[in-house]
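As structure tokens, the structure follows; a few thoughts come after it.
The values are calculated or read from the model by the stated rules, or taken from the named source; none is laboratory data. Quick caveat, the model's predicted, so the values are computed rather than measured. Cβ placement follows ideal geometry from the backbone for every residue including glycine, while neighbour counts extend to all protein chains displayed.
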Amino acid sequence: MKELSEDIEQYKGIIEDFKNLDSSDFASAYTLSQVALITADRWNEIMLNSVKYAKETQYTKSEITSYCYQKYKILIKIHDICRMIYRTGAYEINNYGKDLWL
């Protein structure tokens, strides 16, 4: 299942980027929020095709669906948190100036 292994690696990369995200780096937070949302959509698509993947692996449709849903939920949370970081940074720059982040 090379296709899913690439998705899992991408997911792990997003998790690592999120762990390393500094709350003052709102530009990176914006980019990460976009990537997380796009990847969440991909995990939703995988979930929809869980019957296909169950036939190709030793896992059941329910196990694959549950696994994908957990990944999806975490990615949506990352998206929301990164979006909040970005909005906070954009608000502070608009109201307090660009020197705040230097």
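The figures follow:
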item: Check on ILE78, within 30 Å of ALA90 (Cα to Cα), surrounded by fewer than 17 Cβ atoms within 10 Å (Cβ to Cβ) and touching a residue at least 12 places away in the same chain (Cβ under 8 Å); result: no
item: Selection from the stretch 3-21 of residues that are without any contact (Cβ under 8 Å) to a residue 40 or more places away in the chain and either outside any helix (DSSP H, G or I) or small (Gly, Ala, Ser) (or both); result: SER5, GLY13, ASN20
item: Condition broken by TYR86, with the remaining ones in (1) of a type in the set (Phe, Trp, Tyr); (2) touching a residue at least 24 places away in the same chain (Cβ under 8 Å); (3) within 28 Å of GLU3 (Cα to Cα) satisfied; result: (3)
item: Cross-chain or 6+ apart pairs with Cβ under 8 Å, the stretch 24-49 first and over 30 Å from TYR91 (Cβ atoms), then in a helix (DSSP H, G or I) and among the hydrophobic types (A, V, I, L, M, F, W, C); result: TRP43/CYS68; TRP43/LEU75; ASN44/CYS68; ILE46/LEU4; ILE46/ILE64; ILE46/CYS68; MET47/ILE64; MET47/CYS68
item: Criterion (at pLDDT below 95 and either more than 21 Å from the chain's Cα centre (by Cα) or more than 16 Å from SER5 (Cα to Cα) (or both)) met by exactly one of LYS73, LYS52; result: LYS52
item: Qualifying residue in the stretch 28-48 (condition: surrounded by 14 or more Cβ atoms within 10 Å (Cβ to Cβ), touching a Gly at 6+ places or on another chain (Cβ under 8 Å) and not hydroxyl-bearing (Ser, Thr, Tyr)); result: yes
